């Protein structure tokens, strides 16, 4: 087997399979079985949904750690380093451990072509299982039914929210998308729904599966404590996380541990305020549902004129995101992402999209995020606000340069 460092392995994974996304469980299940079918932990929680997954994973991790449990987490995508995707006892996976895991996966896969995400999912299961943690918290990637994480039977599953995203893979309406996400549920086990009004087909499918359904407001309320992460929507993520822990009879997590975890949980690029002036807020919001939450936060905060640093990928509802922000943005600093990703849109394309929904909105076109951020800072002045959002690539670039 060729010896590679972590960067070499990631490059190899990106080109070994011609498809970036290839839904289905057969390939990854076969390789997982060849590796001995390890269960990542005695207790497993899966977290699916359109938005709020990363924050919910962080709340679960923080509350469980406050209660004295050892926790392994898998999330995606990463912001600055691939290692962020796998955390054990609050520490990112090391390069050496990832390389060793990829070598084990490569030896087990035979002729099967795994995707980049499937390699990462197997590495997470492998490394978390080898660490001997008490609880594994696994973020579901795309959808649920055919997502790689769904090879694992969770003791409790959470669906944070359901809205339009990845429609080309999951369907064009909330009902269809909700059905796809429902399949992370298991018969006789709790399924926590973070929305008060989940899609009808999600509920129907979960009942057919035989899950024990718990719905926000109907079956559980606010969490015992207040999350310190900004945004009213974090209350709902926190409530779902608490409901999931309470639905697990084998785990003892006191209200005090829950409150401490909620107060201490942090996730980068979720309404994250950077130090210095002008105020720069960075958020990974990249679909209309997330943009509506951002707009509500702006309305609650009443910060005045906002300079937006915005970039997007071609498979996103760019117009929907822009329309949701509407007149709250004083000027759009549009950043080209075509050099960052094959799916990245050029600033000129973003400008055309902006004209379609907000004709005449002030805009400035930039070659990259760094240039857009620099211009937005100048335009904002010391007392203004810069909001950087639209893609993980935007958030990553802003944080890398901060």
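Can residue 98 be described as modelled with pLDDT of 95 or more, touching a strand residue (DSSP E or B) at 6+ places or on another chain (Cβ under 7 Å) and in the same structural domain as residue 122 (by TED's automatic domain parsing)? No, not satisfied.
Would you mention how many residues in the stretch 265-284 are within 28 Å of residue 44 (Cβ to Cβ) and either surrounded by 18 or more Cβ atoms within 10 Å (Cβ to Cβ) or in contact with a strand residue (DSSP E or B) (Cβ under 7 Å, 6 or more places away or on another chain) (or both)? Residues flagged as within 28 Å of residue 44 (Cβ to Cβ) and either surrounded by 18 or more Cβ atoms within 10 Å (Cβ to Cβ) or in contact with a strand residue (DSSP E or B) (Cβ under 7 Å, 6 or more places away or on another chain) (or both) within the stretch 265-284 amount to 5.
Among the conditions (1) without any contact (Cβ under 8 Å) to a residue 60 or more places away in the chain; (2) surrounded by 14 or more Cβ atoms within 10 Å (Cβ to Cβ); (3) within 17 Å of residue 133 (Cβ to Cβ), the only one that residue 84 does not satisfy is (3). If you check 196, 218, 185, 206 for being free of Cβ contacts under 8 Å to residues at least 60 places away in the same chain and outside any loop (DSSP other than H, G, I, E, B), only one passes: 206. Within the stretch 226-253, the set of residues being outside any helix (DSSP H, G or I) and either on the phi > 0 side of the Ramachandran plot or modelled with pLDDT under 95 (or both) comprises 226, 227, 228, 229, 230, 231, 232, 248, 249, 250, 251, 252.
Do we have residue 203 as surrounded by 17 or more Cβ atoms within 10 Å (Cβ to Cβ), at pLDDT below 95 and in the same structural domain as residue 68 (by TED's automatic domain parsing) here? Considered against the rule, which asks whether it is surrounded by 17 or more Cβ atoms within 10 Å (Cβ to Cβ), at pLDDT below 95 and in the same structural domain as residue 68 (by TED's automatic domain parsing), residue 203 comes out as no.
Per-residue answers, yes or no, for (1) outside the structural domain of residue 337 (by TED's automatic domain parsing); (2) at pLDDT 95 or above; (3) surrounded by fewer than 24 Cβ atoms within 10 Å (Cβ to Cβ):
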{"residue": "367", "(1), (2), (3)": "no, yes, yes"}
{"residue": "381", "(1), (2), (3)": "no, no, yes"}
{"residue": "384", "(1), (2), (3)": "no, no, yes"}
{"residue": "388", "(1), (2), (3)": "no, yes, no"}
{"residue": "392", "(1), (2), (3)": "no, no, yes"}
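Inside the stretch 77-92, residues that are over 22 Å from residue 397 (Cα atoms) and in a loop (DSSP other than H, G, I, E, B) make up a count of 2.
You will find that of 213, 177, the residue that is at pLDDT 95 or above, closer than 19 Å to residue 50 by Cβ and either buried (at least 20 other Cβ atoms within 10 Å of the Cβ) or in contact with a strand residue (DSSP E or B) (Cβ under 8 Å, 6 or more places away or on another chain) (or both) is 213 and no other.
Write out, first by first residue and then by second, each pair whose Cβ atoms fall under 6 Å of each other, whose residues are 6+ apart or on separate chains, and whose first residue, in the stretch 22-33, is touching a residue at least 40 places away in the same chain (Cβ under 8 Å) while the second is part of a helix (DSSP H, G or I). Filtered contacts from the stretch 22-33: 25/151; 28/118; 28/148; 28/151; 29/151; 31/108; 31/109; 32/151. Quick check on residue 126: is it on the phi < 0 side of the Ramachandran plot, in the same structural domain as residue 43 (by TED's automatic domain parsing) and in a loop (DSSP other than H, G, I, E, B)? When the stated conditions are applied, residue 126 does not pass them. Candidates 259, 239: the one that is surrounded by fewer than 21 Cβ atoms within 10 Å (Cβ to Cβ) and either out of contact with any helix residue (DSSP H, G or I) (no Cβ under 6 Å at 6 or more places or on another chain) or outside the structural domain of residue 89 (by TED's automatic domain parsing) (or both) is 259.
The values are calculated or read from the model by the stated rules, or taken from the named source; none is laboratory data. Computed from a predicted model, the values in this text were never measured in an experiment. Virtual Cβ from ideal backbone geometry, glycine too; neighbours counted across all protein chains shown.
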